[in-house]
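Just below is one structure, and these are the notes that go with it.
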Amino acid sequence: MNIRNNTAAAGIARLSLSLPNGLAADLDRLVADKKAASRSALVADLVRDAVVEHRSRRGKQEIAGTITLVYDHHARNLQAKLTDLQHDAEGLIVSVMHVHLSHHDCLETLVVRGPADPVRTLADKLAAVRGVKHGKLTITTTGHKE
Ligand code: NI
């Protein structure tokens, strides 16, 4: 209890989190590869990056980028849901590339351009579809001065 109080006084919150086994092993490898001081230090860096990314380029500001999805195309109704979401996102998707990664898995890259909020919403919705193993929006510059 004293330790908890001391860390709170030092401005540090202690969290306990649960990860799937594979992801926990990946975290440890990342700590080693990046020569991070500890798991906590690495997770703090990742969270800071995510917060900066989350706060930047929001609202109506025009952004361009890619949404990358990896999914098992055998998952029930998955492709139909992804296609519906893409049709609903009229005007935001410039092009789509689909690669059959393996017998099960597909990789899809969508080039997107438009106001930040709807582009982010589209990326979040696609990534949240059940069966999507990985979904990521990568924002790049539109080439215009900001
Ligand atoms: Ni495929």
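Rank-order 20-33, 127-140, 61-74 by packing density, defined as the average count of other C-beta atoms within 10 Å over each peptide's residues, highest first. Walk me through the numbers before you get to the answer.
Numbers: 20-33: 11.2, 127-140: 14.5, 61-74: 17.6.
By packing density, highest mean first, the sequence is 61-74, 127-140, 20-33.
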Practice task
For the chain, state the average projected area of the convex hull of the C-alpha atoms over all orientations, rounded to one decimal in nm².
Solution key: 12.4
Handout entry: Student exercise, the chain dipole from Lys, Arg, Asp, Glu Cβ charges, in Debye to nearest 20
Key = 500
Exercise for the section: On a C-alpha basis, how far is the centre of segment 66-100 from the centre of segment 102-116 in Å? Whole number, if you could? Expected result: 6
Problem - GNM top mover of Ser102, Ser38, Ser16 - the chain, alpha-carbon springs below 10 Å - result: Ser16
Problem - Distance (nanometres) between label positions extended 7 Å along Cα→Cβ at Glu53 and Leu15 - result: 1.5
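Multiply the residue gap between Ala44 and His87 by 0.36 nm, knock off their C-alpha separation, and tell me the result in nm, one decimal place.
On the way: separation 43, 0.36 × 43 = 15.48 nm, distance 3.72 nm.
Gain on stretching Ala44 to His87: 11.8 nm.
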Handout entry: Distant alpha-carbon pairs in segment 62-140 (separation over 21 angstrom), percent
Key = 19
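Please report the relative contact order for the chain, taking Cα pairs under 8 Å with a sequence separation of at least 6, and give it as a percent rounded to a whole number. Provide the component values of the computation, followed by the final result.
Working: 174 pairs, mean separation 40.0, N = 146.
Answer for the chain is 27 percent.
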Practice task
State, as an integer percentage, the relative contact order of segment 62-140 based on alpha-carbon contacts under 8 Å between residues 6 or more apart.
Solution key: 50
Exercise for the section: Could you tell me which of the pairs Lys34/Lys133; Lys81/Lys136; Lys81/Lys133 are separated by over 19 angstrom between their Cα atoms in the structure shown? Expected result: Lys34/Lys133
Fill in the blank from the handout: In Å², rounded to a whole number, the accessible area per residue of the chain with probe 1.4 Å is 72
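The values are calculated or read from the model by the stated rules, or taken from the named source; none is laboratory data. This one's a predicted model, so the numbers in the text were calculated from it and none came from an experiment. Using ideal geometry, Cβ is built from the backbone for each residue, glycine included, and neighbour counts are taken over all protein chains shown. Accessible surface is based on the protein model in full, side chains and every heavy atom, while ligands, DNA and RNA are left aside. Shrake-Rupley method; radii C 1.70, N 1.55, O 1.52, S 1.80 Å.
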